[in-house]
1. May I ask you to list the lysines whose Cα is less than 17 Å away from that of residue 128, ignoring any residue fewer than eight positions away on the same chain?
2. Tell me the trypsin sites (Lys or Arg not before Pro) within the range 1-103 that lie in a loop according to DSSP and have at most 14 other beta-carbon atoms within 10 Å.
3. If I take every Cα pair under 8 Å that is 6 or more residues apart in the range 38-174, average their sequence separation and divide by the length, what percent do I get for the relative contact order?
4. Do any chymotrypsin sites (Phe, Trp or Tyr not before Pro) in the range 31-105 lie in a DSSP loop with no more than 12 other beta carbon atoms within 10 Å, and if so, which?
5. State, to one decimal in nm², a quarter of the convex hull surface area for the C-alpha atoms of the chain, i.e. the direction-averaged projected area.
6. In a Gaussian network model over the chain where Cα atoms closer than 10 Å are linked, find which of 63, 46, 117 has the largest mean-square fluctuation.
7. Please figure out what share of the DSSP beta bridges in the range 2-168 is antiparallel and state it in percent, rounded to the nearest 5.
8. Which of 108, 140, 120 ends up with the largest GNM mean-square fluctuation for the chain, with Cα atoms connected below 10 Å?
Amino acid sequence: MRYAYADPPYLGLAAKFYGRLHPDAAAYDEPMTHQLLIDRLCRDFPDGWAMSLHSPSLRAILPMCPPDVRIAAWTKPFASYKKGVNPGYAWEPVIFRGGRRRTDGNELTVADFCAVPITLRRGFVGAKPDRFVWWVLALLGAQADDEFVDLFPGSGAVERAWGSWRAQVPLGLA
């Protein structure tokens, strides 16, 4: 099966955090760019996909998605808190669609949330921790012989986590 993960610059934050790194990042401050991304995910990855976003943009982005998506939550027991911002942003929505159908009653049920601290000193704003990526793989029912495409490779953290996860999972036993 073929899956994708998208962690685009978050709506309204693209120019602020990524403008000097990527000249095209500011396009993600426009909702239409996220619509085009969702259209691409649905078209190019019919087996399944997941997309990270921040909670303030959920109201704008969710209506762009097909009706069969689900929302999961990445909760952050350790998160960076900003002075004057209350409550703190300690969770992020993950919209996901599709995935491998579970047919064996002996398979573990995957929770629709994970509690994993943010990464520190990865050299890239928003770099995802390995345990977060492994949870996304579990949401999709990925197996080691599947294809998993990171559409926004940034720091390379997702690709490294995919590689380490594949090394630990015997083929066909994910």
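Values quoted throughout were computed directly from the atomic coordinates according to the rules given, and no laboratory measurement underlies them. The model shown is predicted, which means the values in this text are computed figures rather than measured ones. Backbone-built Cβ (ideal geometry, glycine too); neighbour counts: all protein chains shown.
1. Here the lysines satisfying the reach criterion relative to residue 128 are 76.
2. On the way: sites: 2, 16, 20, 40, 43, 59, 70, 82, 83, 97, 100, 101, 102; in loops: 20, 82, 83, 100, 101, 102.
Qualifying residues, ordered by number: 20, 82, 83, 101, 102.
3. Relative contact order for the range 38-174 comes out at 23 percent.
4. Details: sites: 49, 74, 78, 81, 89, 91, 96; in loops: 78, 81, 89.
Passing both the DSSP loop test and the Cβ count: 78, 81.
5. Hull-based average projected area comes out at 10.5 nm².
6. For the chain, modelled as a Gaussian network with Cα springs under 10 Å, the answer is 63.
7. On the way: 11 of 21 bridges.
The antiparallel proportion sits near 50 percent.
8. 108
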